[in-house]
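> Sharing a structure below in structure tokens format, with a few things to ask.
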Amino acid sequence: MKILTWQARNNKKVTLVKLSKMTGISKSTLNNIENEKVSPTIAELEAIAKALNMKITDLFDSDYK
């Protein structure tokens, strides 16, 4: 399962800096999530989804969503 924060962010035309300000999550953490270096917490996923006006499940690429 891949987390699609980059695609979701790009589709909404939101930069990492702007998403960081909207979520309170550091730019480096967001970058690490997008590059699959770390797994986001549920709280981080919720903040990202809320900032991008999406459902958390929309952030995932999975056959089971």
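> How large is ³J(HN,Hα), in whole Hz, for each residue of the range 29-35 in order, when computed from phi with the Karplus curve 6.51 cos²θ - 1.76 cosθ + 1.60 and θ = phi - 60°, using x for Gly and Pro?
Computed from phi, the couplings for the range 29-35 are 5, 4, 4, 5, 5, 5, 9 Hz.
> If you place +1 on the Cβ of every Lys and Arg, -1 on the Cβ of every Asp and Glu, and leave all else neutral, what size is the dipole of the chain about its Cα centre, to the nearest 20 Debye?
Roughly 340 debye for the chain.
> Just the accessible area per residue of the chain, please: how many Å² with a 1.4 Å probe?
Each residue of the chain exposes 70 Å² on average to a 1.4 Å probe.
> What order do you get for 35-48, 3-16 when each peptide is scored by the mean count of other beta carbon atoms within 10 Å, highest first?
So the order, starting with the most tightly packed, is 3-16, 35-48.
> Can you tell me the equivalent ellipsoid semi-axes for the chain? Use √(5λ) from the Cα gyration tensor, largest first, whole Å.
17, 13, 11
The values are calculated or read from the model by the stated rules, or taken from the named source; none is laboratory data. Here the structure is a predicted model, which is why all the values come from computation and not from measurement. Don't worry about glycine lacking a Cβ; one is built from the backbone with ideal geometry, like all the others, and counts go over all protein chains shown. What goes into the accessible areas is simple: the full protein's heavy atoms, side chains included, and nothing from ligands, DNA or RNA. Shrake-Rupley method; radii C 1.70, N 1.55, O 1.52, S 1.80 Å.
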